[in-house]
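Okay, so here's the structure we're looking at.
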Amino acid sequence: MTPEMVVDIGKEAGEIIILLAAPPLLTGLIIGLAISLLQAATQIQEMTLTFIPKLIGIGGSLVLAGPWMLSLITDYVTRLYESIPNLIG
C-alpha cells in the first residue's frame with residue numbers, strides 16, 4: 001500500500017462524509033435562516049421557537065434523502081472491500 005493509495009482512500013472518504021452530511025445540515029440552515037428572519041420581523045426573541053421546525057425539517061430530509069445516502073455509503077464500502085486485494089499487494 002503506497003502513500004498515494006492512502007491519500008486517495010482518505011480523500012474519497014472525506015467526500016462521502018460531506019455528501020452524507022449535506023442534506024440535513026442544509027435543511028437545518030435554511031429553516032434556521034427563515035425562522036430568524038421571521039423572528040427579526042416580528043421581534044419575537046424566543047430561543048426555543050426554532051427547535052421543533054428544525055427537528056421536523058431535518059427528519060423529513062433524512063426520510064427523503066435516506067435511500068440515496070444509504071446507497072452512497074454501501075457503494076463506497078463495497079468498493080473499499082473489493083479493493084482490499086489490490087491494496088495488500
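Please treat every number below as a calculation from the coordinates, not as lab data. Just so you know, these numbers come straight off a predicted model, no measurement behind them. Reconstructed Cβ throughout: ideal geometry from the backbone, glycine too, with neighbour counts over all protein chains shown.
Quick rundown of the values:
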{"item": "Net charge contributed by nearby residues that have their C-beta within less than 15 Å of VAL77 (K/R +1, D/E -1)", "result": "-3"}
{"item": "With 10 Å bins from 0: P(r) over the chain, alpha-carbon pairs, percent", "result": "15, 32, 22, 17, 10, 4, 0"}
{"item": "Net charge contributed by nearby residues that have their C-beta within less than 13 Å of ILE18 (K/R +1, D/E -1)", "result": "-1"}
{"item": "Computed [θ] at 222 nm, helices only, for the chain once each DSSP H run of length n ≥ 4 contributes -39500 (n - 2.57)", "result": "-31000 deg cm²/dmol"}
{"item": "Vicinal HN-Hα couplings computed from phi for segment 74-83 (Karplus, 6.51 cos²θ - 1.76 cosθ + 1.60; Hz; Gly/Pro x)", "result": "5, 5, 5, 5, 5, 4, 5, 5, 5, 8"}
